[in-house]
Amino acid sequence: MLLRENNRVCKILKTKYPIIQGGMAWVANAELASAVSNGGGLGVIAAANTPPEILEQEILKAKSMTDKPFGLNIMLMSPTANDALEIAAKLRVPVVTTGAGSPGKVLERLKPLGTTVIPVVASITQARRVEKQGADAVIAEGMEAGGHIGELTTMVLTPQVSGAVKIPVICAGGVADGRGVVAAFALGAEGVQVGTRFICCDECTVHMNYKKAVLSAKDRSTAVTGQSLGHPVRCLRNKLTAEFERLESNNAPASEIEALGTGKLRAAVVDGDTDWGSLMAGQSAAMVNKIQPAKTIIEEMFAEAEKILSRIGEVKA
Ligand code: TUI
């Protein structure tokens with residue numbers, strides 16, 4: 001079965017299942033990453049803006065919580081991206097994913113060390129460029145995803161990226177169950193990246209209010225803010241997104257809009273502020289209806305995918 005055996009993503013990641021956990025800022029810590037890795041996927045710690053000393057501790061903590069490989073996500077827009085890169089090199093983190101920028105420097109520094117580097121891309125040009133620069137695989141992330149997003153949907157981005165590069169493509173943005181896994185593979189991907197559903201796993205340490213907000217999300221519960229600043233971010237709708245929309249439609253100065261976002265992700269994750277916190281989540285939040293162990297989420301997704309595939313295979317032309 002292509003979903004598991006002879007799967008290039010499983011081989012590259014050294015995992016049982018071809019699934020990567022999204023590198024969600026403030027959410028993706030050692031607890032979440034080790035749970036996903038222990039569950040048969042690739043757990044990922046988000047470097048985000050974490051100060052270097054704390055990030056190092058987090059990586060060491062994850063090493064103590066799993067003997068399986070896990071990754072580090074470097075958010076390239078972050079002022080601490082360089083520190084994270086040096087930590088990845090020093091601690092020999094086996095897999096590094098990147099997001100929100102061009103990963104040339106990361107590839108140059110880490111490929112000679114044997115690190116597996118998998119950039120998130122939001123366009124075909126970026127996918128072709130990172131393949132030339134030596135990326136091991138790419139994550140094609142559609143705008144259904146949570147957090148910082150590009151402009152193309154998963155449905156059109158994934159097949160185009162798959163057609164444009166030879167390295168394996170991992171599909172992200174809107175994938176939250178077995179149906180999403182099958183769709184991803186149908187579009188040419190050989191693996192999936194899942195963020196939002198893992199917010200609602202037992203081991204994820206975000207405030208319970210955040211998990212409850214994801215659980216109660218419906219089809220139109222997310223909004224994209226920050227478009228006017230050139231960095232669109234998808235979050236669950238609340239007072240914060242309404243205020244963003246008010247400022248953006250009034251053409252408020254960029255500095256004022258930027259200032260509104262400061263510290264808001266922490267407010268959501270740590271304090272559980274669902275009114276004024278930034279509840280980053282993808283459109284798939286509507287499909288997340290229960291809190292489960294990370295391992296169950298992974299096993300359920302792939303069992304469902306295999307069932308769907310065998311059902312589709314039975315259909316006679
Ligand atoms: O990076 C993400 N999602 C994120 S990062 C993040 S942290 C944050 N915190 C506060 C405010 C804003 C963000 C939250 N969510 N996803 C990966 C991703 N990368 N999506 C889109 C891209 C992308 C966009 C442009 C990748 C490359 C790119 O350009 C590359 C180039 O060539 O310039």
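How far is the Cα center of segment 103-162 from the Cα center of segment 1-56, in Å? Rounded to whole Å, the Cα centres lie 16 Å apart. Atom-type composition of the exposed protein surface of the chain places 54 percent of the accessible area on carbon and sulfur (1.4 angstrom probe). Of all DSSP-defined beta bridges confined to the chain, some 20% are antiparallel rather than parallel.
For the chain, the relative contact order is 17 percent, taking Cα pairs closer than 8 Å that sit 6 or more residues apart in sequence and dividing their mean separation by the residue count. Amide H to amide H, with H built 1.01 Å from N, Gly22 comes under 5 Å of Val194, Gly195, counting only residues 5 or more places away or on other chains.
Taking a ≥ b ≥ c as the square roots of the eigenvalues of the alpha carbon gyration tensor, the chain is rounded, as a/c is under 1.5. The 3J(HN,Hα) values that the Karplus relation (6.51, -1.76, 1.60; θ = phi - 60°) gives for segment 303-310 are, in residue order, 5, 5, 4, 5, 5, 4, 4, 6 Hz. Gly and Pro appear as x. Think of it as helices only: each DSSP H run of n ≥ 4 in the chain is worth -39500 (n - 2.57), and spread over all residues that comes to -12000 deg cm²/dmol at 222 nm.
In summary, the lysines within cross-link reach of Lys264, defined as a Cα separation below 27 angstrom excluding same-chain residues under 8 places away, comprise Lys61, Lys211, Lys212, Lys218, Lys239, Lys290.
Listed by chain and number, the aspartates and glutamates whose C-alpha is less than 15 Å from the C-alpha of Lys14, apart from same-chain residues fewer than 8 away, are Glu5, Asp67, Asp136, Glu190. Accessible surface for the chain, divided over its residues, is 43 Å² per residue with a 1.4 Å probe. What is segment 70-208 by shape, rounded, prolate or oblate, if you read a ≥ b ≥ c off the alpha carbon gyration tensor as root eigenvalues and call it rounded for a/c under 1.5, prolate for a/b larger than b/c, and oblate otherwise? Because a/c hits 1.5 or more and a/b fails to exceed b/c, segment 70-208 counts as oblate.
Peptides 173-179, 211-217, 32-38 ranked from most to least packed give 32-38, 173-179, 211-217, packing being the mean of other C-beta atoms within 10 angstrom over each peptide's residues.
Simple point charges give the picture: +1 on the Cβ of Lys and Arg, -1 on the Cβ of Asp and Glu, and for the chain a dipole about the Cα centre of about 760 debye.
The values are calculated or read from the model by the stated rules, or taken from the named source; none is laboratory data. All values derive from a computational prediction rather than experimental measurement. Every residue, glycine among them, receives a Cβ derived from its backbone with ideal geometry; neighbour counts consider all protein chains shown. To get the accessible areas, we keep the full protein, side chains included, count just its heavy atoms, and leave off ligands, DNA and RNA. Shrake-Rupley method; radii C 1.70, N 1.55, O 1.52, S 1.80 Å.
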